[in-house]
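Quick notes on the structure that follows.
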Amino acid sequence: MNCDLIHERIVTASYGELSDELTHELERHLADCSNCRTEREQLLALKVLADAYPVQEPEANLVARSRLRLEEALDALPPRRWFERMSQRMSNSFASLLAAPVAACLLLVVGVGAGTLGEYELAQHRAAHTVTTPQTAQVAPAQPAATTSVSTSTSANETAEIANVSSIVRQPNSGIVEVRYNQVVPRQIKGSMNDPAIRQLLMLASQNASSAGIRDDSVGLLAAECRSGHGCREAGIRDALLVALRYDKNAGVREKALKGLEPYVSEDVLVRDAVLEALMNDSDSRIRNAAINLLQPVEADTSVRQVLHTVADSDRNPYIRTVSRQVLDRVPEIQ
């Protein structure tokens, strides 16, 4: 019997959802296959470890936050053009006609009418939402219950209910940062970069998919903290910069994250690996060049030299190839 099929049945059997007949077949196969027996033992051990940890209940505001993010994602989608909608309708109608010719004709007439009416209602709803949202944003700060300005850390409960970060402003000639964030209503907090609540909001803002500007501001501040020698690893800032360097779609955000990781290149293998990935795979030549400069303290490292050899031989950018060769010529081979 195919071991891949057996692996699927092992998972089903571990949750008590495999029939008796298939269970007997599974046991006969396991008696003769040591690899599959090992697979079952590992799965059962994983279940034991998982059961050892309590199941956490979701936050009370999880649904509200999820809906806000879903609305942001839907609003960011481009509207479908009329011929795309018509093509989709025709495709759906054709499939229905093949399945049930008579009923499909009736459903086609009803569906086209309902679809047209639904699109009209959706357009009306989005137009109303677009008009009312800016008005609400202007009125909200004037309401004491909607906007709160504090100089101390937010409570853990408030921070857990944050939907997203809307703006970041650093006051000139001071260490004060003002972060505005949204819960059910917009709120704001002021504090220094040493404030754990400010740091947590900045790390949350670094993953704001709807605004590259917010991500740029937050990653820039977090990177400045790391470069100034403040503790970043324990607070999770280093991990936030690693995520931004690897996955952010904005080149400016990735470049700031790379600069913020510079103090850790020599001592942290994870950071070094992320910089090497940027050197090999990043689409922006400025970031690849900056990565070469960051690797200067560890140029003699074997993994660094291997990547530099690869880049010097095959990178599509001639300048990057030249710089890589210069680095390799400068550092002697390890005997």
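Every read-out reported here was derived from the displayed coordinates using simple, explicitly stated rules and does not represent laboratory data. Computed from a predicted model, the values in this text were never measured in an experiment. Neighbour counts run over all protein chains shown; Cβ positions are idealised from the backbone, glycine included.
When only the Cβ of Lys, Arg, Asp and Glu is charged (+1, +1, -1, -1), the dipole of segment 156-330 relative to its Cα centre reaches about 380 debye. For segment 267-283, the Karplus equation 6.51 cos²θ - 1.76 cosθ + 1.60, evaluated at θ = phi - 60°, returns couplings of 10, 10, 5, 4, 5, 4, 5, 5, 5, 5, 4, 5, 4, 7, 10, 5, 7 Hz by residue, with Gly and Pro reported as x. Electrostatic tally near C33: other residues with Cβ closer than 13 Å to its Cβ, Lys and Arg +1, Asp and Glu -1, net -2.
Count the net charge of all other residues whose Cβ sits under 13 Å from the Cβ of T23, scoring Lys and Arg as +1 and Asp and Glu as -1. Counting the neighbours of T23, the net charge comes to -2. Please state, as a whole number in µm²/s, the translational diffusion coefficient that the Stokes-Einstein equation yields for segment 156-330 at 20 °C and 1.002 mPa s, with Rh defined as the Kirkwood radius across alpha carbon pairs. Estimated via Stokes-Einstein, D reaches 126 µm²/s.
Taking other C-beta atoms within 10 angstrom as a stand-in for reagent exposure, E178, E267 fall in the order E267, E178, fewest first.
Rounded to whole numbers, the Karplus 3J(HN,Hα) couplings from phi for segment 257-264 are 4, 4, 5, x, 7, 3, x, 9 Hz, using 6.51 cos²θ - 1.76 cosθ + 1.60 with θ = phi - 60°, and x at Gly and Pro. Counting neighbouring Cβ atoms within 10 Å and putting the fewest first, the residues M203, M193 line up as M193, M203. Note down the net charge around V179, summing +1 for each Lys or Arg and -1 for each Asp or Glu among other residues with Cβ under 12 Å from its Cβ. So the surrounding residues net to +2.
What is the dipole size for segment 197-278, taken about its Cα centre, with +1 at each Lys and Arg Cβ and -1 at each Asp and Glu Cβ, in debye to the nearest 20?
140 debye
Legend: ranking of residues T302, T12, T38 from fewest to most surrounding C-beta atoms inside 10 Å; resulting order T302, T38, T12.
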